[in-house]
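Notes follow the structure.
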Amino acid sequence: MTTMPNASQALIMLGAGGHAKVLLSLAIACGLQVKGVCDPALKRSGVVTWRGISVLGGDEALEQLDCSNVGLINGIGQVVGSSLRQAIYERAVGMGFRFPVLVHPRAIVDASAVLADGVQVMAGVVIQPDVRLGANTVVNTRSSVDHDCSVGSHVHIAPGATLCGNVQVADYAFIGAGATVIQGLAIGEYAVVGAGAVMVRNLPARSILLGQTARSRIVPDEST
Ligand SMILES: CC(C)(COP(=O)(O)OP(=O)(O)OC[C@H]1O[C@@H](n2cnc3c(N)ncnc32)[C@H](O)[C@@H]1OP(=O)(O)O)[C@@H](O)C(=O)NCCC(=O)NCCS
């Protein structure tokens with residue numbers, strides 16, 4: 001199930017925003033060859049290269065590629081309320097393309113973890129034994145997924161989030177930056193754990209969990 005690209009496989013990036021930049025950095029760190037980028041905004045702007053890579057066109061450029069010869073990287077980030085990342089993945093898979101698993105060389109992934117196609121594991125991540133990650137899921141910078149967690153497809157575990165052991169995460173859920181989910185809990189489909197929240201009860205599908213936000217105050221200027 002875990003299909004890592006080999007260094008000779010040509011890879012094409014879809015999208016050219018912030019998430020794509022991070023993935024390009026990951027690919028370079030792995031010694032992988034990203035041969036081109038497809039992005040409608042780059043095409044419209046008329047530029048021919050992006051970060052040293054050829055701009056192949058917009059979404060329609062996929063039709064000119066041979067799905068048996070290239071692997072794709074989903075460079076569209078997953079933000080709350082947008083399904084673009086998922087839609088692009090599903091369209092390309094429907095055309096016969098595959099998205100190899102990408103793991104930053106400075107991530108720790110236990111050998112028993114199972115990563116489905118399109119999973120992206122960024123720098124500083126720790127994935128512990130018997131974790132399962134579904135297709136097109138992002139485990140973002142410096143987050144951790146502890147033993148026996150089962151994470152569905154199209155999930156985003158944002159930077160610095162912590163899933164303790166044996167957490168069950170359904171498809172399309174979003175775990176915000178720096179959130180902590182204690183052991184054994186379940187997170188429903190499309191549920192959102194807000195950035196910084198501490199989750200101590202199960203979270204039903206399509207619900208949002210908010211923690212406490214920090215408050216600012218004006219410090220009086222005593223120098224006058
Ligand atoms: C939870 C979240 C989706 C809510 O977004 P939203 O619906 O646009 O929320 P708003 O900014 O309109 O804020 C609505 C209220 O919720 C509060 N709130 C928003 N996010 C919060 C959070 N993470 N924790 C606690 N309270 C939060 C706001 O302070 C505001 O409160 P108020 O009405 O008392 O002023 C979003 O704030 C969040 O945490 N997203 C995750 C971001 C992230 O992890 N990004 C990683 C990118 S790689």
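Within the stretch 138-166, the set of residues being β-branched (Val, Ile, Thr), crowded, with 24+ Cβ neighbours inside 10 Å and assigned to a loop (DSSP other than H, G, I, E, B) comprises just one member, 155. Put simply, of 55, 34, 47, 80 the only residue that is outside any helix (DSSP H, G or I), in contact with a strand residue (DSSP E or B) (Cβ under 9 Å, 6 or more places away or on another chain), free of Cβ contacts under 8 Å to residues at least 12 places away in the same chain and of a type in the set (A, V, I, L, M) is 47. Here the stretch 181-202 is the region considered, the condition is being within 14 Å of the ligand (Cβ to nearest atom) and in a strand (DSSP E or B), and the residue that is surrounded by the fewest Cβ atoms within 10 Å (Cβ to Cβ) is 198.
Close Cβ contacts (under 8 Å, 6 or more residues apart or on different chains) running from residues in the stretch 210-224 that are under 30 Å from residue 198 (Cβ atoms) and free of Cβ contacts under 8 Å to residues at least 60 places away in the same chain to residues that are of a type in the set (A, V, I, L, M) and surrounded by 10 or more Cβ atoms within 10 Å (Cβ to Cβ) comprise 210/197; 211/179; 211/197; 211/198. Among the candidates 182, 157, the residue that is over 17 Å from residue 124 (Cα atoms) and aliphatic (A, V, I, L, M) is uniquely 182. Please verify whether residue 68 is farther than 21 Å from residue 195 by Cα and assigned by TED's automatic domain parsing to the domain that holds residue 34, treating the condition exactly as stated. Against the criterion (farther than 21 Å from residue 195 by Cα and assigned by TED's automatic domain parsing to the domain that holds residue 34), residue 68 qualifies.
Would a scan of the stretch 92-99 turn up a residue that is aliphatic (A, V, I, L, M) and within 21 Å of residue 156 (Cα to Cα)? Checked the stretch 92-99: at least one residue is aliphatic (A, V, I, L, M) and within 21 Å of residue 156 (Cα to Cα).
I'd like to verify a number: residues in the stretch 122-179 that are more than 15 Å from the ligand (Cβ to nearest atom), small (Gly, Ala, Ser) and closer than 23 Å to residue 89 by Cα, how many? Count: 6.
Contact map, the stretch 127-138: first residue under 12 Å from residue 99 (Cα atoms) and at pLDDT 95 or above, second residue small (Gly, Ala, Ser) and assigned to a loop (DSSP other than H, G, I, E, B), Cβ cut-off under 7 Å, separation 6 or more or different chains; pairs are 135/116; 135/118; 135/153; 136/118; 136/153; 137/153. Of all residues in the stretch 4-21, those being surrounded by 15 or more Cβ atoms within 10 Å (Cβ to Cβ), at pLDDT 95 or above and not in a helix (DSSP H, G or I) number 6. Residues of the stretch 203-224 that are within 15 Å of the ligand (Cβ to nearest atom) and either within 22 Å of the chain's Cα centre (by Cα) or outside any loop (DSSP other than H, G, I, E, B) (or both): 203, 206, 207, 208, 209, 210.
The values are calculated or read from the model by the stated rules, or taken from the named source; none is laboratory data. Predicted model only: the values in this text are computed from it and were never measured. In this analysis, Cβ positions are derived from the backbone assuming ideal geometry, glycine residues included, and neighbour counts consider all displayed protein chains.
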